[in-house]
1. Per-residue HN-Hα couplings for region 245-257, Karplus 6.51 cos²θ - 1.76 cosθ + 1.60 at θ = phi - 60°, whole Hz, x for Gly and Pro?
2. Of Pro134, Gly244, Ala150, which is farthest on the positive side of the dipole of the chain, counting Cα position, with +1 on Lys and Arg Cβ, -1 on Asp and Glu Cβ, and the Cα centre as origin?
3. In region 222-257, what GluC sites (Glu not before Pro) fall in a loop by DSSP, with at most 15 other Cβ atoms inside 10 Å?
4. May I ask for the distance between the Cα centers of region 1-68 and region 100-155, given as a whole number of Å?
5. Loop-only trypsin sites (Lys or Arg not before Pro) in region 319-389, please: DSSP not H, G, I, E or B, and at most 15 other Cβ atoms within 10 Å.
6. Given Ser14, Ile216, Pro395, which one lies farthest toward the positive end of the charge dipole of the chain, if we put +1 on the Cβ of every Lys and Arg and -1 on the Cβ of every Asp and Glu?
7. Listed highest first by mean packing, meaning other Cβ atoms within 10 Å per residue, what order do 40-48, 159-167 come in?
8. Put +1 on the Cβ of each Lys and Arg and -1 on the Cβ of each Asp and Glu in the chain; which of Asn102, Thr346, Pro173 then has its Cα farthest toward the positive end of the dipole?
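Nothing in this text is a laboratory measurement; each read-out follows from the coordinates by a stated rule. This is a predicted model, so every value here is computed, not measured. Glycine gets a Cβ as well: all are built from the backbone with ideal geometry, and neighbour counts include every protein chain shown.
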Amino acid sequence: MIANLKPYAAYKDSGVEWLGKVPAHWEVRRLKQVARLNPGKTEASALLEQNAPVTFLPMERVYADGRIEATEHLPISSVWNGFTYFRRGDVIVAKITPCFENGKGACLYTLPTEVGFGSTEFHVLRAANSIRAPFLYRITTLPDFRRLGADEMTGAAGQQRVPASFIANFTVPCPPLPEQTAIVRFLDYMDRRIRRYTRAKQKLIKLLEEYRQALIHQAVTGQIDVRTGQPYPAYKPSGVEWLGEVPAHWELKPLKRWVRINASVLPDTTPADYEFRYIDIGTVGTGFLTREPPQLRFGNAPSRARRVLHMGDTIISTVRTYLKAVYYVDRDAEALVCSTGFAVLTPGPSTQPKYVSYLVQSNTFTDRVTAESVGTAYPAIAEGRLGSFYVPIPPLPEQTAIVEYLDAQTARLDAAMAAARREIELLREYRERLIADVVTGKVDVREIAAQLPEETEEETEPLEEETTSIEETDVEESEEETDGEE
């Protein structure tokens, strides 16, 4: 069906560099001419008098695919001051970095209550008669809207926001209303299919991750002897509730007795032109990097870019510990530095380096780190507390055997998960390009939209939020200044 998409019969120059040519019968207008920006809340005064319940939407309940989680309802008096006001059918757009760049926003047609309030980090757009709200929302998802908006951001690093003036003056294509409806119908149809396939891939990744975790857990807690595939002949109580019994000949000591923690840092006297690869919170999964670390110069790097990494080190997140971000440094050809939001574990002489990595990426360990973290929005654990955790360590030959076993067992799983993640990324890129081509009139979907079947209730159910996209963890400057010291 998509192969049948063709351009319109005639085009004209839009006069806008990013937009290029548009269908000849379309209009080109500024957003402030087709939508009202950040409307006032006085129209809801009657609801205030009744202290009616309203929907409340914090940033974390608005997703990059346009869905919302509208489950929280509060008395209007409790949110009247200090929050953003909107109405059913409005379009909301995140204005703070990186939520804006990541595409957080929604068309609020499904808002359970007539009006709602939410994070102060939203801009609100209310469609006028010349534009449909769902089409208006699609405009806010265009890559050029996000790119140009990011260029106009103002404010301190980590707290930059898109100004209302940029949105008001952004030039947009405006097809006739029936075409807007056709475009939205087509894109909604394609979205459902792309998201359904993506969800299937995410479920596959989750199953593979669970199996991988089970293998790691069994090996590093001694539930099986990887050399024989059987349990060890004798066990002893570990004295640690979350560990249970361990093989009788394994040692149990605090983590800090086996590794050095944060042993190497960049001093403030480092030359400004010193270059390094930088690993930050949000770019690390459990056992892998989500993208290649960027190259930075010391003079332009964040102040939290301080912890020096070497071959054989393992890093584990001590800020936002629920991310369970763990990475084994298997490269030594270039300078690597990580955020102070990580603890760097350098193995001692009695530990096989990669064994340490497998040990701390096991759910047994990462769940404990999360449980011992302090804070609600940005839970964190102090370096001293992390180092005090008792961990089981087998003799060196067994550590080596465990590493060889897990390397072999996880290699195939990691390759399958990497392939699935790549497919998801390609689908995202395809979806982004498709939306841009359709919304800007590069292809004509009117005929195809008219032929699309009506969706059943099952097909239109909301899909699960994507769980593999680490970049959605909009980490702010303030939280990453935490250095994990007691």
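1. Coupling constants for region 245-257: 8, 10, x, 4, 8, 7, 8, 10, 9, x, 3, 5, 7 Hz.
2. Towards the positive end, the residue furthest out is Pro134.
3. Working: sites: Glu241, Glu245, Glu251; in loops: Glu241.
Hits after loop and neighbour filter: Glu241.
4. 6 Å
5. Numbers: sites: Arg320, Lys324, Arg331, Lys354, Arg368, Arg385; in loops: Arg320, Lys324, Arg331.
Loop-located and lightly packed - Arg331.
6. Value computed over the given set: Ser14.
7. Numbers: 40-48: 13.0, 159-167: 17.8.
Highest to lowest by the protection proxy: 159-167, 40-48.
8. Value computed over the given set: Pro173.
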